[in-house]
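Step one of this worksheet: look at the structure below.
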Amino acid sequence: EEARIAMGGEKSLTGTFRKKVHMGQGTATITRKDGKTLLVLDASFKTDAGPRLHVFLAGHPDPSSSPDLHSMDALDLGPLKSPSGTQVYEIPDAKAGEDWRSVVVYCVPFKVVFTAASLN
């Protein structure tokens, strides 16, 4: 079913951020636009600021820790652009069709899951 995202884009995956070690709110959506697969954090997205926060896609449906995040496939989409507000990250075509189950804001130096959104 998820493979259709990479193909025709009839289906998008969405999840709501929940508190893990830090507060999180707002919605994450994986969608297709103009031939690209994108992760979109909506205008209500918000989390705490922290050092070297990165956005990850994870195969784990609800990671709470670094071992959870890395227990299945994980893809680092790069630094979090802002601790709040709308932002867009491009998912490489080679990874777009994978079975991503959650979006994670992760503190790289301290190996801490700040907030996560389970996708469905």
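The values are calculated or read from the model by the stated rules, or taken from the named source; none is laboratory data. Remember, predicted model here, so these are calculated numbers, not experimental data. When we count neighbours, we look across all protein chains shown, and the Cβ atoms used for this are built from the backbone with ideal geometry, even at glycine. Just so you know, the surface numbers come from the protein's heavy atoms only, side chains and all, with ligands and any DNA or RNA stripped out. Shrake-Rupley method; radii C 1.70, N 1.55, O 1.52, S 1.80 Å.
What to note about this one:
- Matching strands (runs of 3 or more DSSP E) fully within the stretch 6-120 where at least 2 residues are open to solvent by 50 Å² or more (accessible area, probe 1.4 Å): 13-19, 27-33, 74-79, 87-91
- Just one of the numbered conditions (1) closer than 18 Å to Glu98 by Cα; (2) at pLDDT 95 or above; (3) in contact with a Lys or Arg (Cβ under 8 Å, 6 or more places away or on another chain) is not true of Met23: (1).
- Among residues of the stretch 53-77 that are at negative phi, those with a Cβ under 6 angstrom from a residue that is assigned to a helix (DSSP H, G or I), sequence gap 6+ or separate chain, pair up as Ala58/Leu69; His60/Asp68; His60/Ser71; Pro63/Leu69; Leu75/Lys95.
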